[in-house]
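The structure appears right after this line, and notes come after that.
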Amino acid sequence: MAYTVPKLTDYSDAALNRAEEEARSAFDAELMAVSAGTGDIGENIEIVRVRWLGREKGIVNKQIPDLWLKPAPKEAKRSVGQVLNRLKRHVEIYFHPVIGNVPPIERQPFFLELQAVDITLPGARRPIGAEHPILKTSREIVAVFQKLGYSVAEGPVVETDYYNFEALNFPPNHPARDTQDTLFIAGQQAKPQRERLLLRTHTSPVQIRTMEKLRPPIRIVIPGVVHRNDPPDASHSPMFNQIEGLAVDTNITFGDLKGTLDYAMKALFGSSVKTHFRPSFFPFTEPSAELYVTCFICGGSGRRGSDPCRPCKQTGWIEVLGCGMVDPNVFEFVKDNGYDPKRVSGFAFGMGTDRLALLKYGVDDLQLFFQGDVRFLEMFG
Ligand SMILES: [Zn+2]
């Protein structure tokens, strides 16, 4: 039987509580009946809304004010007002805009959820987050070097031409300076070239920034995001991650470089991997090398069973990073802070975190890391 607002004769707190509770349960029961019933739920809910909230005859907007509040003795008006406000809130919440925006046909679950709170049911399970595979890889690499006494250095992603190129010994006509590769900030033609802003193309500017701040000896690793004007595909992305390292002291030799990186690769990929250095070129190191490790997928055999091993292109070796002895020209830029190239020497190395994550997890499309598809990412949770 539908609820009708009773006249009140007793305005004691106990009586008001009873009246409030009765009205509240009546409203709840009406919504439950609509949610569980047949017919157009949206339409039926609208009928309930008008019955309770209608301006002309609505129970909480008109009937209760008329039947309870108006005739209430002066000393009870305050309590009746409070009862009325609580009832109003209780009713209005079910017609909140969030639910109101849901198409009528889809409203039922909301109402059922609001109505039928069964405290014996297990609570709503919120998925627990996990480290992104690239962040995880980055932290693992950083941890290996931290154990060797390296500290973490960071720097701005928007850099000046000076820190990104000039101080790192990139000659003015070096191809990396070409707009084909570098994303420059627009509208800076009026500025001198060295002050123009760009998105850093490597984490190397942090090497210079750190040497400006700290006197030698230093040992740092620099994890961070870099940008290049590469269209996204399975192995390229305009945004990717690097980790660089720099060690400067007196008497640092190429032997220290080899020993350090050999140790680090074994710590990362297992003690059985072998390392191999091949001559290369980078503007800011001399001599420079590329470091290869025995393929940790096929164990160096170049084959997986009867199939060729794709990650190492059947060579049994995988290139993991570039490295070299810091070019004395680079030290000239920070000479005044104790980096006299006649007194100090150092080595630097840099690797692509994303590429290592691809290899490590056997993922064949770099874009999967950046698309934010939870179905992919939760495999690493
Ligand atoms: Zn292989």
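The values are calculated or read from the model by the stated rules, or taken from the named source; none is laboratory data. Please read these numbers as outputs of a predicted model, since none were measured by experiment. With ideal geometry, Cβ positions are generated from the backbone for all residues, glycine too; neighbour counts draw on all protein chains shown. Accessible surface is based on the protein model in full, side chains and every heavy atom, while ligands, DNA and RNA are left aside. Shrake-Rupley method; radii C 1.70, N 1.55, O 1.52, S 1.80 Å.
So what is Rg over Rh here for the chain, counting just Cα atoms and using Kirkwood for Rh?
On the way: Rg = 34.6 Å, Rh = 26.9 Å.
In the chain, Rg relative to Rh is 1.29.
In nanometres, what is the gap between the two model label sites at Asp256 and Asp340, each 7 Å from Cα along Cα-to-Cβ?
Those two pseudo-labels are separated by 1.8 nm.
Using a 1.4 Å probe and ignoring any ligands, DNA or RNA, find the accessible area of His227 and quote it in Å² to the nearest 10.
Result for His227: roughly 40 Å² accessible.
Report, in listed order, any pair from Lys136/Lys258; Lys62/Lys88; Lys213/Lys258 with a Cα-Cα distance greater than 19 Å. Before the final figure, lay out the partial values.
Working: Lys136/Lys258 25 Å; Lys62/Lys88 11 Å; Lys213/Lys258 27 Å.
Where the Cα-Cα span goes over 19 Å, the pairs concerned are Lys136/Lys258; Lys213/Lys258.
Calculate, for region 124-170, the solvent-accessible area per residue in square angstrom, rolling a 1.4 angstrom probe over the heavy atoms of the protein chains. Could you put the intermediate results ahead of the total?
Numbers: 2640 Å² over 47 residues.
Roughly 56 Å² per residue, with all protein chains present.
Considering the options Trp68, Pro133, Ser306, tell which one lies farthest towards the positive end of the dipole of the chain, charges being +1 on Lys and Arg and -1 on Asp and Glu at the Cβ, about the Cα centre.
Trp68
Does region 136-195 come out rounded, prolate or oblate by the C-alpha gyration tensor, with a ≥ b ≥ c the root eigenvalues, rounded set by a/c under 1.5 and, if not, prolate when a/b is larger than b/c and oblate if not? Each step should come with its number before you reach the end.
On the way: a/c = 2.61, a/b = 2.46, b/c = 1.06.
Taking the square roots of the gyration eigenvalues as a ≥ b ≥ c, region 136-195 is prolate.
Using alpha-carbon pairs under 8 Å, 6+ residues apart, how would you state the relative contact order of region 239-381 in percent?
28
How big is the equivalent ellipsoid of region 292-335 along its three axes, where each semi-axis is √(5λ) from the Cα gyration tensor, reported in whole Å from largest to smallest?
On the way: eigenvalues 287, 9, 7 Å².
Whole-Å semi-axes of the equivalent ellipsoid: 38, 7, 6.
For region 180-258, what is the charge dipole size about the Cα centre, in debye to the nearest 20, if Lys and Arg each add +1 at the Cβ and Asp and Glu each add -1 at the Cβ?
Working: 10 positive and 8 negative charges, 66 e Å.
It works out to roughly 320 debye.
Once you sort the root eigenvalues of the Cα gyration tensor of region 1-96 as a ≥ b ≥ c, which label holds: rounded (a/c under 1.5), prolate (a/b larger than b/c) or oblate (the other case)?
On the way: a/c = 2.38, a/b = 2.06, b/c = 1.16.
Prolate shape, in that a/c is at least 1.5 and a/b is the bigger ratio.
Provide Met32, Met239 ordered by accessible surface of protein heavy atoms (probe 1.4 Å), highest first. Walk me through the numbers on the way to the answer.
Numbers: Met32 75, Met239 55 Å².
So, going from the largest accessible area down, we get Met32, Met239.
Among the lysines, which have Cα under 16 Å from the Cα of Lys147 when same-chain residues fewer than 8 positions away are ignored?
Cα-Cα hits under 16 Å: Lys266.
Taking only Cα atoms and a 10 Å spring cutoff, compute GNM fluctuations for the chain and point out the largest among Thr201, Thr38, Thr294.
So, out of Thr201, Thr38, Thr294, the one fluctuating most is Thr38.
Do the sum for the chain: with -39,500 (n - 2.57) for every DSSP H run of n ≥ 4, divided by all residues, what is the mean residue ellipticity at 222 nm, to the nearest 500 deg cm²/dmol?
Numbers: 12 runs with 127 residues, N = 381.
Only helices count here, giving -10000 deg cm²/dmol.
Tell me which aspartates and glutamates have Cα within less than 13 Å of Lys313's Cα, excluding those fewer than 8 residues away on the same chain?
Filter leaves no residues.
Name the cysteines of the chain that stand alone by the Cβ rule: no other cysteine Cβ under 4.7 angstrom.
When partners are defined as cysteine Cβ atoms under 4.7 Å apart, the chain leaves Cys323 without one.
At a Förster distance of 22 Å, what's the computed FRET efficiency of Ser79 paired with Ala26, Cβ-Cβ distance as r, to 0.05? Don't jump to the answer; show the numbers that get you there.
Numbers: r = 20 Å, r/R0 = 0.92.
Efficiency at R0 = 22 Å is approximately 0.65.
What percent does the relative contact order of the chain come to when contacts are Cα pairs within less than 8 Å and at least six residues apart? Please report the intermediate quantities before stating the final value.
Numbers: 560 pairs, mean separation 52.0, N = 381.
This gives 14 percent for the chain.
Tyr162 accessible area, nearest 10 Å², 1.4 Å probe?
So the heavy atoms of Tyr162 present about 40 Å² to solvent.
How many nm is it between the label spots at Glu43 and Gln371, if each spot is 7 Å from the Cα in line with the beta carbon?
4.4
Where the only charges are on Cβ atoms (+1 Lys, Arg; -1 Asp, Glu), what is the dipole of region 292-361 about its Cα centre, to the nearest 20 debye?
380
Express the relative contact order of region 285-337 as a whole percentage, based on alpha carbon pairs under 8 Å and six or more residues apart in sequence.
Details: 73 pairs, mean separation 23.6, N = 53.
Result for region 285-337 is 45 percent.
Compare Leu148, Leu67, Leu358 in a GNM of the chain, Cα atoms joined below 10 Å, and give the one with the largest fluctuation.
Between Leu148, Leu67, Leu358, it is Leu67 that shows the largest mean-square fluctuation.
Among Val248, Val158, Val80, which one moves the most in a GNM of the chain with springs linking Cα atoms closer than 10 Å?
Val80
Give the distance, in whole Å, between the Cα centre of region 220-252 and the Cα centre of region 335-350.
Here the two parts' Cα centres lie 20 Å apart.
What net charge is computed for the residues neighbouring Ala76, neighbours being all others with C-beta under 15 Å from the C-beta of Ala76, Lys and Arg scored +1, Asp and Glu -1? All intermediate terms of the calculation are to be shown ahead of the outcome.
Details: positive: Lys7, Arg18, Lys70, Lys74, Lys77, Arg78; negative: Asp10, Asp13, Glu20, Glu75.
Taking every other residue near Ala76 into account, the sum is +2.
Please give the charge dipole size of the chain, origin at the Cα centre, charges +1 on K and R Cβ atoms and -1 on D and E Cβ atoms. Round to the nearest 20 debye.
Details: 45 positive and 46 negative charges, 126 e Å.
Charge dipole, the chain, about its Cα centre: 600 debye, nearest 20.
Would you work out what percent of the accessible area of region 285-381, with all protein chains in place, is carbon or sulfur (probe 1.4 Å)?
Details: 2230 of 4720 Å².
Of all accessible area on region 285-381, carbon and sulfur atoms account for 47 percent.
Amide H neighbours of Trp317 under 5 Å, counting only residues 5+ apart in sequence or on other chains, H built in-plane at 1.01 Å?
Cys295
If the viscosity is 0.692 mPa s and the temperature 37 °C, what Stokes-Einstein diffusion coefficient in µm²/s follows for region 214-344 when Rh is the Kirkwood radius over Cα pairs?
In µm²/s, the coefficient rounds to 195.
Need one value: the accessible area of Phe95 in square angstrom, 1.4 angstrom probe, rounded to the nearest 10.
Phe95 exposes around 40 Å² with every protein chain in place.
Measuring from centroid to centroid over Cα atoms, what is the spacing of region 120-182 and region 1-67 in Å?
60
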